[in-house]
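One structure is given here, and the rest of the page talks about it.
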Amino acid sequence: MRIVFIGPPGAGKGTQCRQLSSHYGIPHISTGEMLRATSEHSPIGRMIAQLIDGGNLAPDELVMQYVVERLRKPDCQPGALFDGFPRTVAQAGMLDEYLAKKDAPLDMVIHLAAESDPLVKRLLERAQKESRADDTYETIQARLEIYDQRTKPVLDYYRDAGLVSSVDAMQTAEGVFQSICGAIEQRIGSQLPTSLS
Ligand code: ADP
């Protein structure tokens, strides 16, 4: 089961992927978490922190390298839930190429659909609880703009491949979870996951 989650910042990708990961027993791969976990004591870590804190994207090749390293681990054999990746059409192309070589293509893409205004409110509330350096008003605006410019085209890329199911992300977290499970069951059903070797 290989599923990509696409949605603007604050749409709830992380919350849903964590819950789905324990529900289906499939690892959750969050490029945002992997990038934030890179030590700020290394030059690469400092570059990444600067980009993230300004609301900008990390370089495509670097992100892909992190994802490939993660996919090589044995727990990804039954599949992966990709959260926040791919975020650019270039990343989507690299992922497709990698998965095609493994003969293990994506099963579907879940689009968490949400309008900007309530997202800004959600993200500012999260900033108070989690104190993430990229949850300031200015950075949130920058991230939403980058989502429109760089990530929305990824949705079109996957729409052309007929892989996208959209879910309303403004329901309660439980409502979103149920909608996602419904979309997964409709598209993938009880199909057994193929292995990523
Ligand atoms: P959110 O979805 O709320 O923006 P994430 O944790 O997914 O949060 O991402 C935080 C930041 O990490 C992004 O704004 C970006 O700077 C960086 N990032 C995450 N995933 C990617 C990616 N696939 N490509 C480039 N940069 C990324």
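The values are calculated or read from the model by the stated rules, or taken from the named source; none is laboratory data. Worth saying up front: this structure is predicted, and the values here are computed from it rather than measured. So basically every Cβ, Gly included, is an ideal-geometry build from the backbone, and we count neighbours across all protein chains shown. Only protein heavy atoms, including side chains, enter the accessible area calculation; ligands, DNA and RNA are left aside. Shrake-Rupley method; radii C 1.70, N 1.55, O 1.52, S 1.80 Å.
Residues of the stretch 72-89 that are within 14 Å of the ligand (Cβ to nearest atom) and either part of a loop (DSSP other than H, G, I, E, B) or open to solvent by less than 50 Å² (accessible area, probe 1.4 Å) (or both): 80, 81, 82, 83, 84, 85, 86, 87, 88.
Of the residues making up the stretch 3-42, those that are open to solvent by 50 Å² or more (accessible area, probe 1.4 Å), in a helix (DSSP H, G or I) and more than 15 Å from the ligand (Cβ to nearest atom) are 19, 22, 23, 24.
Listed here are the residues, each with its yes/no results for (1) away from the ligand (no atom under 11 Å from the Cβ); (2) open to solvent by 70 Å² or more (accessible area, probe 1.4 Å); (3) at pLDDT below 95; (4) touching a Leu at 6+ places or on another chain (Cβ under 8 Å).
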| site | (1), (2), (3), (4) |
| --- | --- |
| 121 | yes, yes, yes, no |
| 130 | no, yes, yes, no |
| 133 | no, no, yes, no |
| 138 | yes, yes, yes, no |
| 155 | yes, no, no, no |
| 162 | yes, no, no, no |
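Selection of the stretch 56-83 for residues being in contact with a Pro (Cβ under 9 Å, 6 or more places away or on another chain) and among the small types (Gly, Ala, Ser) yields 79, 80.
Among residues of the stretch 69-94 that are farther than 24 Å from residue 181 by Cα, those with a Cβ under 9 angstrom from a residue that is part of a loop (DSSP other than H, G, I, E, B) and among the aromatic types (Phe, Trp, Tyr), sequence gap 6+ or separate chain, pair up as 91/85. Scanning the stretch 136-144 for any residue that is in contact with a helix residue (DSSP H, G or I) (Cβ under 8 Å, 6 or more places away or on another chain) and assigned to a loop (DSSP other than H, G, I, E, B) turns up at least one such residue. The residue of the stretch 97-130 that is farthest from residue 180 (Cα to Cα), among those that are part of a loop (DSSP other than H, G, I, E, B) and of a type in the set (Gly, Ala, Ser), is 104.
Within the set 64, 47, 94, the sole residue that is part of a helix (DSSP H, G or I) and either at pLDDT below 95 or touching a Lys or Arg at 6+ places or on another chain (Cβ under 6 Å) (or both) turns out to be 47.
Among the residues making up the stretch 164-179, those that are surrounded by 16 or more Cβ atoms within 10 Å (Cβ to Cβ), in a helix (DSSP H, G or I) and away from the ligand (no atom under 16 Å from the Cβ) are 177, 179. Note on the stretch 104-115: residues that are in contact (Cβ under 8 Å) with a residue 60 or more places away in the chain and open to solvent by 60 Å² or more (accessible area, probe 1.4 Å) amount to 1.
Taken together, 144, 124 contain a single residue that is in contact (Cβ under 8 Å) with a residue 60 or more places away in the chain and of a type in the set (A, V, I, L, M, F, W, C), which is 144. Out of all the residues in the stretch 50-61, which are at pLDDT below 95 and part of a loop (DSSP other than H, G, I, E, B)? Hits for the stretch 50-61 are 54, 55, 56. None of 110, 180, 146 is in contact with a Phe, Trp or Tyr (Cβ under 8 Å, 6 or more places away or on another chain) and at pLDDT 95 or above except 110.
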